[in-house]
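Contents: one structure, followed by commentary.
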Amino acid sequence: MKQYEEYKDTVIPWLNCIPAHWGEMRAKYLFYKENRLPLGSDEVITCFRDGVVTLRKNRRTTGFTESLKEIGYQGIKKGDLVIHQMDAFAGAVGVSDSDGKGTPVYSVCTPKDGTILTKYYAKVIRHMGLNGFIQSLYRGIRERSSDFRFETFAKQILPVPPLAEQEKIVSFLESKTLSIDAYVAERERVTVA
């Protein structure tokens, strides 16, 4: 990854500086909040705390609180940015790998233009959650939860690198994650043996 020599201070509260050629913009100028009706054949999509957004059946089928009626459920499309309003603080933000339906506690977002990579912003928002920023926005909410509704997300200022750099950042992070996962799996295998 290219190292930048010139940085600038930022007004982003959870970030000190960014490369000088990057922009900053409120999320409301980057994303639409979708409100699609689900199809009768749609299966339930879950936004997990590890950043995976997939059909529930792809991860597990037990241990969930089931709705008696799916009131307010919304359609989710593959590629949508999904933010779990109550668990974003714990990393429940990601890009859906499937079409389906989800609870109304999700903010389902799509980019306003072609210069916004949902995978990049999923990683940015996960970082905002995991570094404590999202939880710092709320007072009086139950412990181990937040209320990161789209209206709150929309006000947040986000870093805006050029699209090519967003793609490189995602590629770099995904590559490093695979390496770390392989190392952990190998260490666990050696420990068990």
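The values are calculated or read from the model by the stated rules, or taken from the named source; none is laboratory data. Quick caveat: nothing in here was measured; it's all calculated off a predicted structure. In this analysis, Cβ positions are derived from the backbone assuming ideal geometry, glycine residues included, and neighbour counts consider all displayed protein chains.
Of the helices (runs of 4 or more DSSP H) entirely within the range 100-172, those holding at least 1 residues that are exposed (fewer than 15 other Cβ atoms within 10 Å of the Cβ) occupy 133-136, 150-155.
Restricting LEU163, LEU117, LEU173 to residues that are farther than 26 Å from ILE45 by Cα and not small (Gly, Ala, Ser) narrows the list to LEU163.
Could you list all residues from the range 33-44 that are touching a Ser or Thr at 6+ places or on another chain (Cβ under 9 Å) and within 13 Å of SER107 (Cβ to Cβ)? Before the answer, list the steps.
Applying the first criterion (touching a Ser or Thr at 6+ places or on another chain (Cβ under 9 Å)) to the range 33-44 yields 33-34, 43-44.
The answer is LYS33, GLU34.
Entry remark, the range 74-122: residues being over 26 Å from TRP22 (Cβ atoms), among the charged types (D, E, K, R) and in contact (Cβ under 8 Å) with a residue 60 or more places away in the chain number 1 in total. The single condition among (1) farther than 18 Å from PHE133 by Cα; (2) exposed (fewer than 15 other Cβ atoms within 10 Å of the Cβ) that PRO13 does not meet is (1). Considering every residue within the range 90-97, establish whether at least one is more than 22 Å from MET25 (Cα to Cα) and either touching a Phe, Trp or Tyr at 6+ places or on another chain (Cβ under 6 Å) or among the hydroxyl-bearing types (Ser, Thr, Tyr) (or both). Yes, the range 90-97 has at least one match.
Which of the residues belonging to the range 12-40 are part of a loop (DSSP other than H, G, I, E, B), under 24 Å from SER136 (Cβ atoms) and in contact with a strand residue (DSSP E or B) (Cβ under 6 Å, 6 or more places away or on another chain)?
Within the range 12-40, the first condition is being part of a loop (DSSP other than H, G, I, E, B), and the residues that meet it are 12-16, 20-22, 30, 34-35, 37-40.
Next, from what is left, pick out any that are under 24 Å from SER136 (Cβ atoms): 12-16, 22, 30.
Residues satisfying the conditions are ILE12, TRP22.
Looking only at residues that are aliphatic (A, V, I, L, M) and modelled with pLDDT under 90 in the range 129-185, which one is farthest from ILE12 (Cα to Cα)?
Only one residue tops the list, namely ALA185.
For the range 12-54, filtering for residues that are farther than 21 Å from PHE89 by Cα and among the β-branched types (Val, Ile, Thr) leaves 2.
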